[in-house]
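S.K.: Before I ask anything, here is the structure I am working with.
The values are calculated or read from the model by the stated rules, or taken from the named source; none is laboratory data. The structure presented is a predicted model; accordingly, all values stated were derived computationally and were not measured. No Cβ is skipped: glycine too gets one built from the backbone with ideal geometry, and neighbour counts run over all protein chains shown.
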Amino acid sequence: MTDVSSTAAQIPVRVLGGPTTVIEYGGLRFLTDPTFDAPGDYPLGDLVLTKTAACSIDPADLGPVDVVLLSHDEHPDNLDHAGRALLADVPVVLTTTGGAGRLGGTGTARGLAPWEAVELIRPDGGTLTVTAAPALHGPEGCEPVTGEVVGFVLTATDLPTVYVSGDNASLRLVREIAERVGPVDTAVLFVGAVRTPFFDGALLTIDSAQAAEAAQILGARQVVPAHCDSWGHFTESRDDVVAAFVAAGLADRLQLG
């Protein structure tokens, strides 16, 4: 088993705003759910989502991206106009099976069903594996309304495991993931306690207390909270995450990207 304490520096995670993070893993640069538009309103059916803050970096200053991990393409708080434009310049875009069909024009999108894996070549000639992890964007049975979502697990023989949750509200699925992949070194958790009028205000992503519970379930040494700022429908902030982890005695696991 890889000694995670000796390899943690090889997997830095930088949070850029909302669900958008940069993960350096195995010599490749991964970007999650790109959202680079300026603040503004986004109609989504009968709902209007409001972006309240800009990303911390302009995509032109981001540098080369090798892989986009796109949890889903149907909501603007996970893929906005500028993020969609960026996909055309990325060699590999991994997303849901339905999303790959909708993004077919990019030519680089590949859909992964839960537990389907793809092997990627590293610059050093080695390989790493990206495995799609199940996710549920709301209560049980929500998919016809909220759509299909996927998370991701990054593994390599010489690197610790990284889990990216995507917009997931199910601790049941977190337990399934922990059982399948074993302890996770770094968990990038999409939090924010998202609530909308759908499903009587039920959570569409985990809240801060559930994030602390997820960290324990996964055995995560390092937790990076994302998806908890920059949008009006996120009902909890990064401060709420910190308070929940302090209350759970897990503050030392937080990396505030």
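S.K.: Looking at Val241, Val246, Val149, which one is modelled with pLDDT of 95 or more, of a type in the set (A, V, I, L, M) and touching an Asp or Glu at 6+ places or on another chain (Cβ under 6 Å)?
M.R.: On the way: Val241 fails: touching an Asp or Glu at 6+ places or on another chain (Cβ under 6 Å); Val246 fails: touching an Asp or Glu at 6+ places or on another chain (Cβ under 6 Å).
That would be Val149, the only listed residue that is modelled with pLDDT of 95 or more, of a type in the set (A, V, I, L, M) and touching an Asp or Glu at 6+ places or on another chain (Cβ under 6 Å).
S.K.: Here's something else I'd like to know. Can you pull out every residue in the range 110-143 that is in contact (Cβ under 8 Å) with a residue 24 or more places away in the chain and in a strand (DSSP E or B)?
M.R.: Passing the criteria: Val118, Leu120, Thr127, Leu128, Thr129, Val130, Thr131, Ala132, Ala133, Pro134.
S.K.: Please state which one of Pro160, Pro225 is closer than 21 Å to Val68 by Cα, over 15 Å from the mean Cα position of the chain (by Cα) and buried (at least 16 other Cβ atoms within 10 Å of the Cβ). Spell out how you get there, then give the answer.
M.R.: Details: Pro225 fails: over 15 Å from the mean Cα position of the chain (by Cα).
Unique residue meeting the criteria: Pro160.
S.K.: Of a type in the set (Gly, Ala, Ser) and within 17 Å of the chain's Cα centre (by Cα), is that true of Gly126? Talk me through it step by step, then tell me what you get.
M.R.: Values: of a type in the set (Gly, Ala, Ser): yes; within 17 Å of the chain's Cα centre (by Cα): no.
No.
S.K.: Give Gly63, Gly101 a once-over and let me know the one that is more than 25 Å from Thr146 (Cβ to Cβ), modelled with pLDDT under 95 and among the small types (Gly, Ala, Ser). Write out each step before concluding.
M.R.: Numbers: Gly101 fails: more than 25 Å from Thr146 (Cβ to Cβ).
When all the criteria are applied, what remains is Gly63.
S.K.: Next question, about the same structure. For the range 182-202, which residues satisfy the criterion of being in a loop (DSSP other than H, G, I, E, B) and either crowded, with 19+ Cβ neighbours inside 10 Å or among the basic types (Lys, Arg) (or both)? If you could, list the steps in order and put the result at the bottom.
M.R.: Of the residues in the range 182-202, the ones in a loop (DSSP other than H, G, I, E, B) are 182-185, 191-197, 202.
Correct list: Val184, Asp185, Val191, Gly192, Ala193, Val194, Arg195.
Residue-wise test of (1) within 21 Å of Arg238 (Cβ to Cβ); (2) touching a helix residue (DSSP H, G or I) at 6+ places or on another chain (Cβ under 9 Å); (3) of a type in the set (Phe, Trp, Tyr).
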{"residue": "Thr32", "(1), (2), (3)": "yes, no, no"}
{"residue": "Thr52", "(1), (2), (3)": "yes, no, no"}
{"residue": "Ala60", "(1), (2), (3)": "no, no, no"}
{"residue": "His81", "(1), (2), (3)": "no, no, no"}
{"residue": "Arg84", "(1), (2), (3)": "no, yes, no"}
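S.K.: Could you look through the range 30-43, keep only residues that are part of a strand (DSSP E or B) and surrounded by 17 or more Cβ atoms within 10 Å (Cβ to Cβ), and pick out the one that is farthest from the chain's Cα centre (by Cα)? Full working, then the answer.
M.R.: Step one: of the range 30-43, the residues part of a strand (DSSP E or B) are 30-32, 40-43.
Still in the list and also surrounded by 17 or more Cβ atoms within 10 Å (Cβ to Cβ): 30-32.
Numbers: Phe30: 11, Leu31: 9, Thr32: 6 Å.
The qualifying residue farthest from the chain's Cα centre (by Cα) is Phe30.
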